[in-house]
Every structure is written in C-alpha cells, then in structure tokens.
1. Applying the Karplus parametrisation 6.51 cos²θ - 1.76 cosθ + 1.60 with θ = phi - 60° to the phi angles of the stretch 255-264, what ³J(HN,Hα) value in whole Hz is obtained for each residue in order, glycine and proline being reported as x?
2. Can you list residues whose amide H is under 5 Å from residue 446's amide H, if they're 5+ apart or on another chain and H is modeled 1.01 Å from N?
3. Mind checking which aspartates and glutamates have their Cα closer than 15 Å to the Cα of residue 449? Skip sequence neighbours fewer than 8 apart in that chain.
4. Would the stretch 643-686 count as rounded, prolate or oblate if I go by the C-alpha gyration tensor, calling it rounded below 1.5 in a/c and otherwise prolate when a/b exceeds b/c, oblate otherwise?
5. Under DSSP H, which helices of the chain have Cα atoms covering 27 Å or more of the helix axis and a Kyte-Doolittle average no less than -1.0?
6. Choose one of 753, 671, 642: the residue whose Cα lies farthest towards the positive end of the charge dipole of the stretch 631-789 (beta-carbon charges +1 Lys, Arg; -1 Asp, Glu; about the Cα centre).
7. Apply the Karplus curve 6.51 cos²θ - 1.76 cosθ + 1.60, θ = phi - 60°, to the phi angles in the stretch 475-480 and return the couplings in whole Hz, x for Gly and Pro.
8. Pull up all non-local amide H partners of residue 166: gap of 5 or more, or a different chain, and H-to-H distance under 5 Å with H placed in the peptide plane.
Amino acid sequence: MKKNLSVLLLVTLLLFTVSHLSCQDNGLIPTPEKFFGFKPGSDRNVFNYQPLIEYLKTIDEVSPRVQMIEIGSSPLGRKMYITFISSEENIKNLQHLKEINKSLAIDPNLDEGSVKKLVKDGKVFILATLSMHSTEVGPSQAAPLIVYDLATTQDQKINDWLSQVVYMIVPSHNPDGMDMVVDYYNKTKGTKYEGSYLPQVYHKYVGHDNNRDFVTLSQEDTRVIAEIYNKTWFPQVMVEKHQMGSYGPRYYVPPCHDPISENVDEELWNWMWIFGSNMSTDMTKQGLAGVSQHYLFDDYWPGSTETAIWKNVIGLLTECASVQVATPINIEQNELSAGGKGLGEYKKSINMPLLWEGGWWRLGDIVEYEITSTYSLIKTAYLHKEDILKFRNNLCKKEVKKGKTQAPYYFVISSDQHDPSEMIGLLELLNEQGISVYKNKEQIILEDKIINKGDYIVPLAQPFRSFIKEVLEAQKFPERHYTPNGKLIEPYDITSWSLPLHRAVKSFEINTSSETLNSNLDKVIFPLEISNSLPEDYSAILLSANLNESYAAVFMALQKGIEVKRIIHEKIIQDTKLPAGSFIISKTKKNSGQIDAVLSALKIKPVYTKETITESLKIISLPKVALVESNFHDMDAGWTRYVFDTYTIPYKVIKPGDFNTTTLTDFDIIVFPNEDKSVLLEGKYKGKDDTYNIPTMDPKYTKGIGKEGLQKIMKFVNEGGIILSWGESAGLFMGPLSITTDEKTKEEFQLPVKDISKDLEKQKLNCPGSLLQINLVRDHPLTYGMPATAGVFSRGKPVFTTSIPYFDMDRKVIAAYPEEHILLSGYADKEELLANKSAMVWLKKGKGQIVLYGFNPQFRASTSGTYKLMFNALLL
C-alpha cells in the first residue's frame, strides 16, 4: 500500500512538473532581454530583421502557443513570415480554423445551421502588420515582448482570450527597410548625426509609398501581405501599426475622420468604432495620455494595407508619436501642437480626452503603447467573438445580394483594346485581389451596349463587391465640409485610382441584371494560357507600338545587341495594321537563339512575317540613361527605377551633388523625376515664404546641383543631350538660364515655356491628385502608340504655357487639356482654369531636346496608360 502510494505521489509530482514546464514552455524560452542583450524599447537600442526572426523562431520551436509560417520574400530576397499566437489547441487546429475563415468570408450559400457551427468552432483572427514604414521602428521592436508574454503568461484572463482569438503578426512588413534604417542608426549612434534621416528610400524602390500600393500590388512585399486577406487566411480583423510626427498626440486609434468610402458597408465603420473606442478606453485607463481618435486620417482611398476594409475585414490603423529612431526626445509644452482634421488645437477634447503634457518621450513609451493597444485588440475580439464571426458571413451574403439587386450589376472589359497587354495585366491583377472574372460566350446587347463574344465580365454579385466597384468605376470625391457651405474636408491622399482609366483599358458598367448574360459566362481560370511559340519559318517579328509590353521586349533586345528598327509610318502587313512607331526585329543567324528570351514575357502574340520590309524604317539604339535621385527619400525616383527595371531599361543613378564630378557626355538622356526644385538645386527645402528648412541629415548627403551643375546640364543639352523632367523638377528649366562655354563666353537665355500653376492656384484651382484628360498630337515620335486622348495623373502643377522661340530654340505642345470635360476621375475644383493649357511640351535648345511633363507619366506604377509617353522620349 505504501509502495502504491509512493508511486501515485511520484506520478502526481511528475504530472505537475510536466504541466508546470509546459505552461512555462519547457523553460526554454529566453526573455527578449536575454536574447537581444538589451530590453526591446530601451534607449538607443534596436535590433534588425534577422535577430527578430531568429527570436520568434526560438519561441516557435518550444512553445505550443506559437507557430511561424513562411509566406514569401521581400523585394531584396528576405524571407517573410506570419507568427501565430493563440492557445495550444488553436495552434494545433490552425489549418481547420483557416478553412472556417475561408467559408465564412467568401461562401454566401452557407445555411443558418452551417454558419452556427462554424461560428461555434471558429476563432477571431487578428492580422497585425508592423512597421511597414521602417523609421517607425516601435511596433516591430515591441513584437518580441508581446509574443513572449502571450507565449508564457499564466494569467487566466489572457489565456481565456487566446482560447477564442488567434493573433497573427507579420513581424516586419518591410524587412529590407528595417535593416536599412537600423543599420544606419547604429552606424551614426554616438555621433552628432545620431537619429538623423536615412539618406535614401527605406525599400528597394518605393520607401514610404509601400503604403500606397495595395490597389496596384506592384511590389513583392505588398503582394505577400495582400494575399493573406485576399486568398489564404481571411482574418476578420486587421491592424496596421505605424508611427507619426512627434509634436502632436501620442497615439491615434480608430475611428478615422471623414471622408470615407461610400462603397464600404456601414457596419464595418461601426466595428472600427468599437475596437478604437475600446483601445482608447483601455489605454487611458492605464494612464497612457495623448490617445486621439477621429483625427487626421481618413479611409476614403483604398491604397494602404487597410484596403482589407474593401474585402470585408474590420480594418484598423494605429499611429504612435515618434522619437529619433531609438534616441529619446524631450518636448517642451509650448512645442506641442495639433492640426488637421479632428483636432484644431492641442487641447482636451472629445477626440483626445487625456492630454499628454510634454517631457521626455522614449522608444520605451512607444513600446508600452503598442503592448497595451495590442492587448485591447485581443480582448475586444474575445468579447465579441460570436458577433464578429457572424458578421463576416452576413457581410459576405449582403455584398452578394447587393450585387444581384443594385446597379451596377456588371463591369464589362472589352476584348478589343488599344493595348490588350494592359487588359491582360488588369485581369491578372483582379485575380490577385480575390475577384472572379468571367468570359462572355456569345454576343448579347444590353442597354443598347454590345457585349461581344470574348469580352470579359466582372459581376458585382461577389463577396468583395465593394472593392470591385471601388476600383473599376471612375472616382467621384465625396465632398464633405466642416460646417454647412464651409471649408472642404480635404482627402488624406489622392482621389483617383480607377484601374481601367489609369491603365487606359476600355470598360463600361451594365446597370441591368440579365439571366441571359449570367448563363452566358465561363469563369476565367488563372494563370491565363498564353501561346507565344515561334513559327518555324519567318523573317521578322513585328511589335505594335500600341502595346506597353512591346517596349519591354525592345529594350531587352537592344541590351542583347539585337538590331531593332522603327516604322515611321503606319503599315498594313498580313492584314494587321501596325501604327507608326511600331518595331521590327529581323531574324538573323546571330540573333535567332536570343529571340525566345526577348519574347518570353509577352502576353500578346506578335506578328511574324516572311515579308522583307525596307521602307520608312529607322534604326534605334539603346539609350544611355542617367536617373536623378535625391537623398531626400525620393519616392518618385524610386518608382521610376521600378518601372525602368520592370521594362528592362538600363540606367545609372546620379545624385544631385554628383553633377559637378560626373561626365555628362557619358549619357544620352538625363531623367529628372518629380522632386522639389530647391532640393535638387540647393539640397534643402524652400518654403512658400522663401525661407529654407535645413534638413536633419548629415550634410554630405544634402549637396545640390548648384548653379555650376545646372550650367553643366544646359551645356549637355546644347551639345545634343536629352532631358526628361516631370512634376516639380520641371522648375529647374523655368526662368533665366545660362551656359558658360569658356572663360570669356557666357550665353544667357530663357526657354520658350513658363509654369503658370501658381497663378492658377491663386485663382483657386484645387486638384489633389486626380486623373485629367489630355489631347495629344498624333504620330509624333513622343506619342507613338498613344490614342488621340489620354488620362494623366496630375496634382494641378506644373501647367505650361509656351511662347514664340528665338535664337536656336524651338517648342511644340505635345499634349493639352481640352476645352471641357477635363476631370476623368477624382476631384478638381475650378478645372475650367486648365482649359486649353499645355500639359506636355517638347523643347529644343541648340542640338538637344527637353521634354517637360505637367504630370507623372509613371505615378506609383499605377498609370501605365501613359508609360509610352516616357518610353518614346527615351527612344528620341
């Protein structure tokens, strides 16, 4: 009996020990402080991406509450992950819970009993994406503390939360930028430049604009994140964690401010109130001051990670006041300020009930705010678990029902396009966004509109209806005012993102439901099958200038040393009309083995011919391109690099301060993307009152072109060089200019062009990023492949007017705004002021040429309808 009792006691002790060790995850999880050698959030200490991942993997290996899954790669090749944190049982059942999420999110045919069971068995998934803007280090630095606490906590209340909630984090939304920022901070730590700005974009290409890419999905990391809520995990809640400026509120939580998207269901906005209000309550209860709501940020525009809102996700944003990366700052009370939507002054108000009074602000404070807000999110999801899961499927059904009962019922994308390669790209993008696309089997007429056999149809009776409508229609900005007939509430970002209009793809709405059309549709299977095999017998390949992808093939061919010729006049070859500017690649014994590689990426089969074409041809050469990129987080230059790389256009980056030491005759073309004139010329920003803002950067990165450099640029033009310039950089070429040819000779001149946008602004022109219509000169080398009219992305400046040239100069207006109907999508007040004004001008000076654009031809890689205006200029 004693022996049995001893055995029983031993077993009990072992079970207790195993249970205790299991609760402590075998005692093998090191604390963040022990692993990193410092406590995350401590002053002047930051880790970079790989140690963060290694720590989370360490927890994953020993904790039954944590699982990491690889989800893709960053643009520079760093692996990206989701870290799941929940109860042990939920982690074991992740795949089953994933299927429940999918059913609730996109199955509108679930009956009441099925929904009830899925809601009972399911859990609320919260997706948190951290520190996509890499100088905003706090959320990623807080991640180890949050994961460690959730993995090891013995708090029954928190464990109850985790029994019903799966918290899933992307530890760094931007791994490449995280390493850039942390490495630069550590490099400058201990110097006078500690905490200064990184002198480049914190991304391979786009820097801060990675949060502007969730409609277009051009960047690898963007696609990785979007797939989580578009196609794989279907979380019910998403939070995007950022930081903001240092002088205002300490923290922002939802709800957002007006304007909001009218396509998003009202219940989603109300759920954002619930999560945001609970965060504000919980954080304030903990004594965290300066928490604001209903402030500054809006959800009208769907380009950020919160595009998840248009996919029926309760999408949230938080923003915390910044420090100098990890260096603490002290803020005097008189330095505190507030401005913009929701807070007219830094005072106690309904939108910020507990003021922060100033003093020291540290990375540790940011981390504390992040931890508290995260726990509030998890608690709220736990409290409302059943309602949130029911809501997800209810909204799915509601959106599908709207698509069956409310106009528009369909968007038709014509198979007959000016640039069918852009149509294919649009269809592929819709598929990436989780949208079903169909093909029409037989011609049908609806609303006096012909829907041809082979046209593509996007029905709106889909779970993501609000997204379909948002991105396929033209935008009309919802004008809201602070008071009746008072000041307009301005948008936070741009006002146009219509995919067909930005890509110059023809589409139209059908506002009548049709069973005939419904029965006439075949679902399109992706990836699309594209047959582009070479015929056995041909002498030349013909590439239409109408197609953007033709230019990619041409630039690649030129890089491989393959001769390319351009047709000067329109030709009909084998019953195919080839517009002026189209390309011919003749097959030779030397290049036959390389042609496959050149044509491999084409979506549209080119024309192969046995004919020998000799008339009206011009041999083109590969341009030697210099691309100017400042050190001032030059996102537009980064987008230009992305487009150039995508279209295999070789280039060399030149910094403004390099012009005096660069031999410009090594290049044929210099490209100036949209950048402030004073930054380019002087290395600092000039304000509206002509005072300068000295940049908080190491001075070796703030050198400008200078007067001598500008003279050197104009000499480059005079001797035969070509300049492309758009946006604010066009200001470099306005007003008096000069060229010094030797010690005794200085030529002063003014190009026959002027920017009148300041005058128009005084007359109240307001265009906060919209798509405007232009009329183009036909069959000009700059407009080859373009239709007679186009939509361009503009912020209303610059706007050009020309004058009669003199001496060795000339000018030609390539594009002008029409007399009326200028606005295609977005918002523009006093648009009539643009009537007949010049939007694109070609200039001649000496032997050289300058092309000035009053718009961004490659805006955020989202305006492919105007890419050819840039490509043609590169081939001048």
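1. Using θ = phi - 60°, the values come out as x, 6, 9, 5, x, 10, 6, 7, 7, 8 Hz.
2. When sequence neighbours closer than 5 places are left aside, the close amide H contacts are 451.
3. 416, 509
4. Taking the square roots of the gyration eigenvalues as a ≥ b ≥ c, the stretch 643-686 is oblate.
5. On the way: long enough: 2-23 (31 Å, 1.36); 266-285 (29 Å, -0.53); 363-383 (30 Å, 0.40); 385-405 (30 Å, -1.37).
The answer, listed by residue number, is 2-23, 266-285, 363-383.
6. The Cα lying farthest towards the positive end belongs to 753.
7. Values, residue by residue: 7, 10, 5, x, 6, 10 Hz.
8. Amide H to amide H, under 5 Å and 5 or more residues apart or across chains, residue 166 pairs with 124, 125, 126.
Values in this text are rule-based calculations from the coordinates and carry no lab data. Quick caveat, the model's predicted, so the values are computed rather than measured. Cβ sites come from the backbone with ideal geometry, for glycine too, and all protein chains shown count toward neighbours.
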